[in-house]
2 protein chains.
Amino acid sequence: MQLGEIDRQDGRPPYRQIADHLRSAMDRGELTAGDKLPSEAELTRHYSVARMTARQAIQELRTEGRVVAEHGRGVFVRMPAPVRRLASDRFARKHREAGQAAFLAEADKAGVRPSVDQIEIDRATPPADVRERLRLSDDERVAVRSRRYLADDRPIEVATSFLPLTVAEGTPILEANTGPGGIYARLEETGHVLDHFVEEVTARMPTADERRRLELPDGVPVLVVVRTAYDTAGVPVEVCDTVKAAPAYVLEYDIPAR
Amino acid sequence: MQLGEIDRQDGRPPYRQIADHLRSAMDRGELTAGDKLPSEAELTRHYSVARMTARQAIQELRTEGRVVAEHGRGVFVRMPAPVRRLASDRFARKHREAGQAAFLAEADKAGVRPSVDQIEIDRATPPADVRERLRLSDDERVAVRSRRYLADDRPIEVATSFLPLTVAEGTPILEANTGPGGIYARLEETGHVLDHFVEEVTARMPTADERRRLELPDGVPVLVVVRTAYDTAGVPVEVCDTVKAAPAYVLEYDIPAR
DNA sequence: CAGTGGTCTAGACCACATT
DNA sequence: ATGTGGTCTAGACCACTGC
C-alpha cells in the first residue's frame, strides 16, 4: 500500500493529508471492503506525527462512514451493506391476502430470516405531528405499537405505529401478535378498507438511542419514513414512523406524470 | 444554563457526560437554535478537564449535526433548515403547461428566489447504472446536463440528467437554457409524452465535493434521488440524479393500496 | 487586542482482542 | 503478553472574529 508523505508547505493540515492518502488508497482499490487500515502506531511512525494527529485523520474517515473502528482489533474499510430495495407495491393488497405483512413479504423475496422483537404496546396521547396527521382532537388517545425488525438477527428497522383508539380498541392490533397479514389486514377486517398511503421521507443523523437499537457505527445516517394510511372514506387510520439505516435501503416510488 | 458535574464513578467517560449535559440543555430548551454553547475555555474551567476532553464532547454534538462550530466565533446550536416539502404532484403536466420547470414551481410556492448555476452540458458514455436504467447498449452515448439549484443564493441541490442522444440531439436540451417548462416540456414537444416517473431514494454522507458544492457543515447527510422518466410508449427517456441536504427536505409520495 | 476554535506534541493509563 | 483503539492531560502555536 502506497502512503506518500506529508508536505509541510501544502496548505492542508497534516491530518487531512493523511486522511486523503488513505481515502485515495481506498479509491484506487489498494484498500477494499474489510481490509485493515495501518494501525495508529504505524501511521505515527510512517508520517512522524503525534498519535492524536493520526487519530484525527482516522476520525475524518469514520464520520464519513468509510471506515469502522473495532476496539482492540483495528480500523477496517466498511463493508457495503447489502441493499434492500423497497418497491412501490410493497403494501399491495395481494400480500395481505396471502397472509403476509409487508416486512415478511420483503424478507421472503430477499431470502433472509425475518424476526421482530422489542415489541411494546401502549395507550398514550400522541405527539403533535401524529395528532395532526390523524386529525385528532387535543386530548384524544391512541394505540402505540413500537417494534424492531431484524433480518437474520441483524437489526434493520425500528417502527412505531399510532392508531386512533376508536379504530384499534378491541382488535388484535393491541396484542403482541396481530395475526396473519399484520395490522393492515386487521384494519380491513374491521371495515377500514385501505385506499392509499402517503409516505413522507427524509434523512438525518440518528439519535444515540437509535444508534444503539439499530447497532449503527459512526457516520451512518438514517432514513425516516412516516407513512399515513387512509381508508376508502378518506379517514387516516394509522401513522407509522419508521427509522432505518440509510445506506442499506433504496426506496422506490412510482409517480404518474398526469 | 445548568451544566451539572462529572461523576467519575459513572461508567460513561467524562467527555460523554459533558456531551450529555449539553444535549439535555438543548432538549430542555435552555439552549435553542442559534444560541452559543459555552466556549471550550469555559467548559474546561467548569468541569476541570483538559481542553481536548471538552473538545471531544463538542465533536460528538457536531457529528450528530446538532451544533455548528464557527472558527473565531464559537459553537452554536444548529438552526433548523427551513424544510422544503416536495409534493407528489411536483411533476404534474399543469406546471409544465404553465411554463414552469418543477424547481421554479416549488420555489414560487415557497416564496424564495430561485436560480441555477454551475451548468455543464456534455456528451459522454454514462455510468453503468444509468445505462441500465435507460436500456442502452454498451457504447451508446448520452447527453449529460449537470447544474446546481439555489434558493435566495443558497445552494439547495445538485442534479445531473442523462438523456439518450437519440432523444436529446438537436433540441434545446443540449443548450444552457432549455426554455419554458424545462427539459420535460421539450421532451413532450418532440413526441415523448411523459407517462410516469420512478424515483429511487436513499441517503448517505456527502462526498467532499458534494459538501463543498452544497456548502454543508459537518454531520449533515444527503438525500439521493434518482428519477427515471418514462414516455407513454414505456421508453425511459431521462435519468436524473439529484443530491440534496437531507434535513432540509421532506419528500412526499402517494401510494395506492391497490 | 482579547477571545474563540483549529491543530499539534509527547507523553500516560485503560479496555479490548488475539495469541 | 502484545498490539490495538479509547480516553485523558498539560501544555504550545496558529487563524479567525470582533471590538
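Do the conditions hold for residue B:158, that is, is it in contact with a strand residue (DSSP E or B) (Cβ under 8 Å, 6 or more places away or on another chain), under 30 Å from residue A:63 (Cβ atoms), in the same structural domain as residue B:240 (by TED's automatic domain parsing) and surrounded by 17 or more Cβ atoms within 10 Å (Cβ to Cβ)?
Taking the combined requirement at face value, the residue satisfies it.
Write out, first by first residue and then by second, each pair whose Cβ atoms fall under 8 Å of each other, whose residues are 6+ apart or on separate chains, and whose first residue, in the stretch B:113-134, is in a loop (DSSP other than H, G, I, E, B) while the second is modelled with pLDDT under 90 and surrounded by fewer than 16 Cβ atoms within 10 Å (Cβ to Cβ).
What qualifies is B:113/B:152; B:113/B:153; B:125/B:139.
Within the stretch A:111-131, does at least one residue satisfy the condition of being of a type in the set (Asp, Glu) and closer than 25 Å to residue A:233 by Cβ?
Yes: the stretch A:111-131 contains one or more residues that are of a type in the set (Asp, Glu) and closer than 25 Å to residue A:233 by Cβ.
Can you go through A:25, A:41, A:105 and tell me which one is surrounded by 19 or more Cβ atoms within 10 Å (Cβ to Cβ) and more than 30 Å from residue A:181 (Cβ to Cβ)?
A:25
Please return the ranges of strands (runs of 3 or more DSSP E) entirely within the stretch B:20-89 where 1 or more residues are within 14 Å of DNA strand C (Cβ to nearest atom) and away from chain A (no Cβ under 11 Å).
Those strands (runs of 3 or more DSSP E) span B:67-70, B:74-77.
What's the total number of residues in the stretch B:72-95 that are surrounded by fewer than 14 Cβ atoms within 10 Å (Cβ to Cβ) and within 16 Å of DNA strand D (Cβ to nearest atom)?
Of the residues in the stretch B:72-95, 3 are surrounded by fewer than 14 Cβ atoms within 10 Å (Cβ to Cβ) and within 16 Å of DNA strand D (Cβ to nearest atom).
Those residues that are without any contact (Cβ under 8 Å) to a residue 60 or more places away in the chain and of a type in the set (Asp, Glu), I need them from the stretch A:164-191; list them, please.
Listed by number, the residues that qualify are A:169, A:175, A:189.
For residues in the stretch A:222-254 being under 14 Å from residue A:157 (Cβ atoms) and touching a helix residue (DSSP H, G or I) at 6+ places or on another chain (Cβ under 6 Å), which is farthest from the other protein chains (Cβ to nearest Cβ)?
The qualifying residue farthest from the other protein chains (Cβ to nearest Cβ) is A:243.
Given the options B:70, B:106, B:97, name the one that is modelled with pLDDT of 90 or more and of a type in the set (Asp, Glu). Talk me through it step by step, then tell me what you get.
Working: B:106 fails: modelled with pLDDT of 90 or more; B:97 fails: modelled with pLDDT of 90 or more.
Result: B:70 is the single residue among B:70, B:106, B:97 that is modelled with pLDDT of 90 or more and of a type in the set (Asp, Glu).
Give the number of residues within the stretch A:30-48 that are among the charged types (D, E, K, R) and more than 14 Å from DNA strand D (Cβ to nearest atom).
Selection size over the stretch A:30-48: 1.
Name the single residue that is surrounded by the fewest Cβ atoms within 10 Å (Cβ to Cβ) among those in the stretch A:180-215 being more than 12 Å from chain B (Cβ to nearest Cβ) and within 14 Å of the chain's Cα centre (by Cα).
Among them, the one singled out is A:215.
Kindly establish whether residue B:10 is of a type outside the set (Val, Ile, Thr), within 35 Å of the chain's Cα centre (by Cα) and within 16 Å of DNA strand C (Cβ to nearest atom). Steps first, answer last, please.
Details: of a type outside the set (Val, Ile, Thr): yes; within 35 Å of the chain's Cα centre (by Cα): no; within 16 Å of DNA strand C (Cβ to nearest atom): yes.
Considered against the rule, which asks whether it is of a type outside the set (Val, Ile, Thr), within 35 Å of the chain's Cα centre (by Cα) and within 16 Å of DNA strand C (Cβ to nearest atom), residue B:10 comes out as no.
Test residue B:51 against the criterion of being in contact with an Asp or Glu (Cβ under 8 Å, 6 or more places away or on another chain) and either of a type in the set (Lys, Arg) or more than 9 Å from DNA strand D (Cβ to nearest atom) (or both), and give yes or no.
yes
Kindly list, by first and then second residue, each pair from a residue in the stretch B:55-77 that is within 23 Å of residue A:209 (Cα to Cα) to a residue that is within 9 Å of DNA strand D (Cβ to nearest atom) and part of a loop (DSSP other than H, G, I, E, B), limited to pairs with Cβ atoms under 9 Å and residues at least 6 apart or on different chains.
B:56/B:13; B:57/B:49; B:63/A:218
Could you check residue A:142 against (1) more than 21 Å from residue A:104 (Cβ to Cβ); (2) in contact (Cβ under 8 Å) with a residue 40 or more places away in the chain; (3) crowded, with 22+ Cβ neighbours inside 10 Å; (4) away from every other protein chain (no Cβ under 14 Å) and say which number it fails?
(2)
What are the pairs, 6+ residues apart or on separate chains, where a residue within the stretch B:1-29 that is away from DNA strand D (no atom under 16 Å from the Cβ) has its Cβ under 7 Å from a residue that is among the charged types (D, E, K, R)?
That search, which allows pairs on different chains as well, returns B:1/B:30; B:2/B:30; B:26/B:66.
Is it the case that some residue within the stretch B:235-254 is free of Cβ contacts under 8 Å to residues at least 12 places away in the same chain and in the same structural domain as residue B:104 (by TED's automatic domain parsing)? Step through it out loud before you land on a result.
Residues of the stretch B:235-254 free of Cβ contacts under 8 Å to residues at least 12 places away in the same chain: none.
Within the stretch B:235-254 (the criterion being free of Cβ contacts under 8 Å to residues at least 12 places away in the same chain and in the same structural domain as residue B:104 (by TED's automatic domain parsing)), the answer is no, since none of the residues qualifies.
Of everything in the stretch A:153-194, what is of a type outside the set (A, V, I, L, M) and closer than 24 Å to residue A:250 by Cα? Give them in sequence order.
First, pick out the residues of the stretch A:153-194 that are of a type outside the set (A, V, I, L, M): A:153-155, A:157, A:160-162, A:164, A:166, A:169-172, A:175, A:177-182, A:184, A:186, A:188-192.
Result: A:153, A:154, A:155, A:157, A:160, A:161, A:181, A:182, A:184.
The values are calculated or read from the model by the stated rules, or taken from the named source; none is laboratory data. In this text, all values refer to a predicted model and were calculated from it rather than measured experimentally. Cβ: placed from backbone, ideal geometry, glycine included. Neighbour counts: every protein chain shown.
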